[in-house]
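Asks: First, the structure itself, so that you have it in front of you.
The values are calculated or read from the model by the stated rules, or taken from the named source; none is laboratory data. Only a predicted model underlies this, so the values are computations on that prediction, with no experimental measurement involved. Don't worry about glycine lacking a Cβ; one is built from the backbone with ideal geometry, like all the others, and counts go over all protein chains shown. These area figures cover heavy atoms from the full protein model, side chains too; ligands, DNA and RNA do not enter into them. Shrake-Rupley method; radii C 1.70, N 1.55, O 1.52, S 1.80 Å.
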Amino acid sequence: MSEDFMEISKEDIENIENALKVNADYKLKNSKFDIKSFEKGKEIVFVQYVANVENELVFQTKEENGKYYISDTFGLFMDNIINGNVSRDVFQSVNKYFHDVIGSEDDFSDEKEELINFLLLTEEYDESQLQKDLDPSKIREDYKNDHDKIYSDESLNRVQKSLALKELVHMSVCQVVNDIDLFFTRPYDLTPEEIAEKNKQEAKAFENELQLS
C-alpha cells in the first residue's frame, strides 16, 4: 500500500523536536524527531495521551533532493504538538458529563451551564449549538435509540454490542469537543474483552484495505 506524504520544513521539524520536550499529550516511542531521522527514512512512532488512553501514531519519513517529507496524516496533529492542546481537559469534562447524564435521571441544568461556560472560555464554540448538544433529554434519548438499535441486532454478539454502544457515546462526545484528533481514539472505559474485539476489527479492516490497494 503506497504512503501519501506531505512536505515539512526544517524549521517545523526543529519546532516539533523542541515542543515534544514540554508537550504532555504526545511522547516519542523508541525514535527521535530530528533531521537525521528524516535523512535515514526512519519510522517515527508517537504515543498520544487523550483522557487516560494511550494511542500509537505511526508516521513514515523520507528525504529527497534536500526536502523532508512525512506521512500526510501528520498534518492533523502538527499544530497541537507545536502549540499545545487543551482538548484533553475539554474532552474529560464533556465525557464525564455525558456519562453522568446517561447514568442518572437527575436535573443537570447547573452542570450543563457550568460546562458550557467552561467550553466557551477554552475554545471557540457556538453557544446555541452547545445548548442543543448538551441537553440532557437529547443525550438520553439518543443513547436509548442507539441502545435499542444495537441490542436488537441479532448479528452482533454480547461484546460487539457493548463495544458498539460505547463507541457511539464516544463519537457523540468527540463531535461536541470538535477536535479531529479525538476521532482517532477509543473510548476510555473498554473492558479487556472489548479491547480484544476492537483490535480484531481494526486488524480485519487493515487486511481488507491491503487487499483493495
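Asks: Please verify whether PHE5 is touching a strand residue (DSSP E or B) at 6+ places or on another chain (Cβ under 8 Å) and open to solvent by less than 10 Å² (accessible area, probe 1.4 Å), treating the condition exactly as stated. Step through it out loud before you land on a result.
Replies: Working: touching a strand residue (DSSP E or B) at 6+ places or on another chain (Cβ under 8 Å): yes; open to solvent by less than 10 Å² (accessible area, probe 1.4 Å): no.
So PHE5 fails the test.
Asks: Could you list, ordered by first residue, the pairs with Cβ atoms under 9 Å in which the first is in region 191-208 and under 17 Å from VAL159 (Cα atoms) and among the acidic types (Asp, Glu) and the second is open to solvent by 60 Å² or more (accessible area, probe 1.4 Å) and part of a helix (DSSP H, G or I), at least 6 apart or interchain?
Replies: Pairs found: GLU193/ARG158.
Asks: Across region 171-213, what is the number of residues that are among the β-branched types (Val, Ile, Thr) and assigned to a loop (DSSP other than H, G, I, E, B)?
Replies: Qualifying residue count, region 171-213: 2.
Asks: Right, next: Restricting the search to region 23-52, which residues are in a strand (DSSP E or B) and buried (at least 17 other Cβ atoms within 10 Å of the Cβ)?
Replies: TYR26, ILE44, PHE46, GLN48, VAL50
Asks: Among the numbered conditions (1) at pLDDT 95 or above; (2) part of a helix (DSSP H, G or I); (3) under 30 Å from VAL22 (Cβ atoms), tell me where TYR69 comes up short.
Replies: Just one mismatch for TYR69, condition (2).
Asks: Next up: If I filter region 170-188 for residues that are surrounded by 11 or more Cβ atoms within 10 Å (Cβ to Cβ) and more than 22 Å from LEU76 (Cβ to Cβ), do I get at least one hit? It would help to see each step written out before you state the result.
Replies: From region 170-188, those surrounded by 11 or more Cβ atoms within 10 Å (Cβ to Cβ) are 170-188; that's our starting set.
Imposing the further condition that a residue be more than 22 Å from LEU76 (Cβ to Cβ) reduces the set to none.
Taking every residue of region 170-188 in turn, none turns out to be surrounded by 11 or more Cβ atoms within 10 Å (Cβ to Cβ) and more than 22 Å from LEU76 (Cβ to Cβ).
Asks: Follow-up question, since we're still on this one. Spot the failing condition for GLU124; the list is (1) within 27 Å of GLU56 (Cβ to Cβ); (2) under 20 Å from the mean Cα position of the chain (by Cα), and only one is missed.
Replies: In the conditions (1) within 27 Å of GLU56 (Cβ to Cβ); (2) under 20 Å from the mean Cα position of the chain (by Cα), GLU124 misses (1) alone.
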